[in-house]
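Worksheet for the structure shown next.
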Amino acid sequence: MSLGNLLSGPPSIVAAGVDVFSDALRAQGAEVADVDWRPPGFGDPADLAALALDARRAAANRTAVERLLAAGSVLVDVRPAHEVIGLADRTLLHSGPPLTWEAASGPMRGALVGACLFEGWAADVEEAEILLSTGAITLDPCHHHRTVGPMAGVTSPSMWMWCLEDPVTGGQAFCNLNEGLGKVLRMGAFNEEVQARLRWMRDVLGPVLSKAVRGSIDAGNDPLDVKAVLAQMLQMGDEGHNRNRAGSLMALRELSPSIVAVEGVPSSDIAAVLTFIGGNEHFFLNLGMPTAKLALDAARNVPGSTMLTVMSRNGTEFGIQTAGTGDRWFTAPANTPVGLFLGDYGPDDANPDIGDSAIMETYGIGGFAMAAAPAIVRFVGGTVPDALATTERMYQLTLTENPAMAIPIMGFRGSPTGIDVLKVARTGWLPQINTGMAGRIAGTGQVGAGLVQPPQACFEQALTALAEEARTA
Amino acid sequence: MSPTAPSGAGAAVSVQLRSGVYADSVKLMQVSRRIGARDGVSAVLVAMATPLNLELAAGMGLAPEGDPSPEQLLIAVRAEDDDALAAALADVDSALAERERSTGSADAIPHRTVGAGLDELPADAPALAIVSVPGTYAVAEAADAIAAGRSVLVFSDGVPVEHEVALKRAAHDAGVLVMGPDCGTAIVSGVALGFANVVRPGPVGLVAASGTGAQQVSCLLDMAGVGVSHVLGVGGRDLSEAVGGLATLDALAALDADPATERVLLVSKPPAPSVAADVASFADGLSVPVRSAALSAETPDLTAAVEALLTDMGLDVPVWPSRPGPAEAAVPGAVLKGLFSGGTLADEVMLIASPVLGGIRSNTPLEPGLDVGTDLSTSGHLVVDFGDDALTVGRAHPMIDPTLRLEAIAELAASDEPAVLLLDVVLGYGADPDPAGALSAALQAARAQKALPVVVALIGTEGDPQGWSRQADALAAAGAAVFSSNAAATRYALDLLGASA
């Protein structure tokens, strides 16, 4: 037994606790690094110890991380939701953990109403609200259908969806098409302008993208490697959540030839599709999210793993899931983001945190890769060094660095990936999420963008459940 | 620049479009927020003139005239009067011109866990972690070290024994060592960790389930001119039934594999007999000779164990340094009062003295029937370990903070009971920088009050920061007889009591 070279020469020492010993070591000329140890931010000490000592944990987390890192993502199809996930008539998907109409926030209600109007289930807002409030419409989280939706995430049967596949596991994940900025359904707006855009997306955008994507594959081309686009975005100043400019342009570049090649469609429609994509800098977000979802779904159901597989919000509650606790949600009231506001909107106008897009942070980019996106660092508190500090801090919450998601300014270190509930508790630092802000009042749309953290209570519950599971395993 | 100023009722308004100016949307939102917070400003929008922003401006009643292009910067402000408006517009210009200044730094992010700290070290360099956080939380930090493939010294006490067992099993599987919990002493490749003495390098490796025991042994070896390769502490419970010597076995194996270690001495408080037997049979299978200095009623004291080791090595046993002090017999009927900071040294005193004095009461007694708890004013023969957990709750170890022991000395001086006072004084890193200083005054005061022979076991080396001779001279000047061997000090005290061991 060589104790990992311990006895081969004067050791470097990492010290946590009282500094008397470190001082004595320095007096001897020894190399000492002091840890800025604090009592854990939360968690029953017995639970923390049970997890720290869980013999399965290290291997389980390694397995979860390996699966996450191995997963790929290619774009294989674009299909309506009723076809691709069998979304039933009178069923609407929404973001975040399970939600009732009664508990739904303004923007979520606005989006649900808008979807009922769009599907023709209701002739007006009142009628839609009656349907929704009487349970005539079934509500279900996107995450329960291998799907993710930005902001309200409301997905109805006739909306078209990106269909992505993980070539490693064969897993699939889905997301609706991004509508652009301003007054949009996902931000809770539902007026005629919104409806007209949704109809155009259903009648023109979806079919054209479908024919383009399938046509290209049928012609023998490789499907679009979305994970590779994500990786390139980080080299180009995007963090993949609040900033998707480079990614959207790259997606446009990749899709354009096959869009132009679509037959049987007026050239004016082709032009409109290209203009729409080119004018929407968040277009790629709806491809990035299911890419993250594929990787995190690959890491699901690893007994003993303390890694997060989902962070998501429905505008009322924040919910998380872990690899070690399967499909269980751990939920608490969502925080309201802080940040910068459009026009004369202010903090009072912002709805609590909403959307499945925190899947990007769960995957280790977005707020975790803040250092990659100097153009938007002011959301993090002002400066480039602050952005670097945010990413540095996130390394201490995570299990690994994702070599596929390299951050140039960090010396091409991989992004901090695989949020560990135990590390969150021990450091007392919560994950950093970059996010859009929807107006609190249904119909408002976007009011700003900024930063938010999950409520600690979600992590407290997850820690307790994981510890309970560790004890009975 | 094309300023326009549509006048509203009781308000001053400016809507401008600027060309050739670009700022990103975040910067512009910050500018808007800053201007909006000014006194007298009721509405503001500073943004690129995109269709979306123009719609927002229209909603605020601040739409620009003409046909703006998205490349233009829209600056729209409504204020309560012209002065407020002018000031606001001036502030827009200065806000746009401002350069951001950094307040944070990635370098300033501290490591919060042992795991994060160890991640920074090169994988193949020798390294270890020291954990002295509250015992409730020590297990997670220690587990970090094991997961990183590093050994760890757990100084913390109050770690549940089942956690100790789990950590040591995990460490064994990972090929690393858990020293502790409640491990105060180790020396690794010449680096002294916790309470340890400055001893010369050499061929003897120590495995120690006893901190002060390891200090006594390593200091005597140093005085004999023999150095140590490493002192691996394993924690006081390692040789108990519950822990089963898990760390002792791994430490023995590691020293067996270490080229610098030619002989091993195992130092321990009285071990569980079955565990001692397992350890002995494991040691027999190693190539390095292992000698036990585990204390028990049947085994030699620590000094004798060191002497036997020297003989094994073909070396002469030196005369152990001492300052025998004033020859003074104890008052007839006197009892032994041992006030100790080292638990193993206290055990050794009781093991040597009990056969001649009979049962000795203690807070850490050899037999449960002799337990005095925390009542230190018991009459009769008494040995107190001030380092016991029950006496260190909420205070520093007596090797750092002598307060409780000084109080006990004063109480003894004030009592009518005739006595011989036996003390240990432990030098080295981590200990009081001048223990003789505080103690001398207390001893002189006590001896002025009553006839009180004082015997001191002074554990240390000349190389220690405090210096053995300097401390010995000071204690001798205060009237104490000083010995470098705890066993010799004990026997001297027994002689003074007229009871030879």
Table column - 3J(HN,Hα) (Hz), the range A:131-145, Karplus curve with 6.51, -1.76, 1.60, x for Gly and Pro: 4, 5, 7, 9, x, 6, 10, 7, 10, 8, x, 3, 4, 6, 10
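Given only helices, namely DSSP H runs of n ≥ 4 each adding -39500 (n - 2.57), what is the per-residue ellipticity at 222 nm of chain B, to the nearest 500 deg cm²/dmol?
Rounded to the nearest 500, the figure is -11500 deg cm²/dmol.
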Nearest 10 degrees, 0 to 90: helix B:468-477 Cα axis against chain B principal axis: 60
Solvent-accessible area per residue, Å², over chain A with all protein chains present [probe radius 1.4 Å]: 32
Whole-Hz couplings from phi, Karplus 6.51/-1.76/1.60, listed for the range B:197-207; x for Gly and Pro: 9, 7, 10, 6, x, x, x, 9, x, 10, 10
Distance between the range B:196-246 and the range A:154-201 - C-alpha centres, whole angstrom: 69
Square roots of 5 times each gyration tensor eigenvalue, C-alpha, the protein assembly as shown, largest first, Å: 73, 30, 24
Accessible area of the range B:162-233 belonging to carbon and sulfur atoms, whole % at 1.4 Å probe: 49
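Give me the percent of the accessible area of the range A:282-324 that comes from carbon and sulfur atoms, probe 1.4 Å, all protein chains in place.
Working: 250 of 470 Å².
C and S atoms contribute 52 percent here.
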The range A:104-245, accessible surface, carbon-and-sulfur percent (1.4 angstrom probe): 49
Long-range HN-HN contacts of B:M179 with modeled amide H, under 5 Å: B:V152, B:L153, B:V154
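Under 1.5 on a/c is rounded, so check that first for the range A:276-430, then, if it is not, pick prolate when a/b is larger than b/c and oblate when it is not; a ≥ b ≥ c are the square roots of the alpha carbon gyration tensor eigenvalues. The partial results should precede the final answer.
Working: a/c = 1.43, a/b = 1.18, b/c = 1.21.
Cα axes put the range A:276-430 in the rounded bin.
Per residue, what accessible area does chain B have, given a 1.4 Å probe and all protein chains present, in Å²?
On the way: 19150 Å² over 501 residues.
Counting only protein heavy atoms, the per-residue value for chain B is 38 Å².
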Within straight-line cross-link reach of A:K293, lysines at Cα separation under 21 Å, skipping those fewer than 8 residues along the same chain: A:K227
Under 26 Å from B:K27, Cα to Cα: lysines that are on another chain or at least 8 residues apart: A:K183
Solvent exposure ordering (accessible area, 1.4 Å, most first) of A:K211, B:K450, B:K168, A:K423: A:K211, A:K423, B:K450, B:K168
For B:A192, distant residues with modelled amide H under 5 Å away: none
Rounded if a/c under 1.5, otherwise prolate or oblate - the range B:311-465, Cα gyration tensor axes: rounded
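Hey, with R₀ at 22 Å, roughly what FRET efficiency would A:M236 and A:L274 work out to, going by the Cβ-Cβ distance, to 0.05?
On the way: r = 21 Å, r/R0 = 0.94.
Once the sixth-power term is evaluated, E becomes 0.60.
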Threshold 10 Å², the range A:323-343 residues less accessible with all protein chains present than alone (1.4 Å probe): A:G339, A:L340, A:F341, A:L342, A:G343
Set of lysines near B:K337 by C-alpha distance (under 28 Å), chain-local residues within fewer than 8 positions excluded: B:K269, B:K450
Chain A, helix-only ellipticity at 222 nm - DSSP H runs n ≥ 4, -39,500 (n - 2.57), divided by all residues, nearest 500: -11000 deg cm²/dmol
With Cα atoms, 0 to 90° folded angle of helix B:82-97 axis to chain B main axis: 60
Nearest-ten-degree value, helix B:135-147 long axis tilted from longest Cα axis of chain B: 80
Mean Cβ neighbour count within 10 Å, used as a protection proxy, ranking A:161-174, B:246-259 highest first: B:246-259, A:161-174
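If you take the accessible area of A alone, add that of B alone, and subtract the area of the pair, what total do you get in Å², probe 1.4 Å, to the nearest 100? Show your work: numbers first, answer last.
Numbers: alone 18490 and 22070 Å², together 34500 Å².
Counting both chains, the buried surface is close to 6100 Å².
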Delta accessible area of at least 50 Å² on complex formation, residues of the range B:37-57, 1.4 Å probe, chain isolated as reference: B:L52, B:L56
Residue-by-residue Karplus 3J(HN,Hα) for the range A:11-17, coefficients 6.51, -1.76, 1.60, Hz, glycine and proline x: x, 6, 10, 10, 10, 10, x
Percent antiparallel among DSSP beta bridges (both partners in the protein assembly as shown, rounded to 5): 55
Within 10 Å of each Cβ in B:15-28, the average number of Cβ atoms from other chains: 2
Protection-proxy order for peptides A:460-467, B:78-85, B:177-184, each taking the mean of Cβ atoms within 10 Å per residue, highest first: B:177-184, A:460-467, B:78-85
Cut-off under 5 Å, modelled amide H: who pairs with A:G339 long-range: A:L451
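Just check the range B:200-353 against the gyration tensor rule for me: Cα atoms, a ≥ b ≥ c as the square roots of the eigenvalues, rounded for a/c under 1.5, and otherwise prolate or oblate depending on whether a/b exceeds b/c. All intermediate terms of the calculation are to be shown ahead of the outcome.
Numbers: a/c = 2.31, a/b = 1.40, b/c = 1.66.
Because a/c hits 1.5 or more and a/b fails to exceed b/c, the range B:200-353 counts as oblate.
The values are calculated or read from the model by the stated rules, or taken from the named source; none is laboratory data. Please read these numbers as outputs of a predicted model, since none were measured by experiment. Ideal geometry is used to build each Cβ from the backbone, glycine not excepted, and the neighbour counts take in all protein chains shown. Side chains are part of the model used for accessible areas, which takes the heavy atoms of the whole protein and leaves out ligands, DNA and RNA. Shrake-Rupley method; radii C 1.70, N 1.55, O 1.52, S 1.80 Å.
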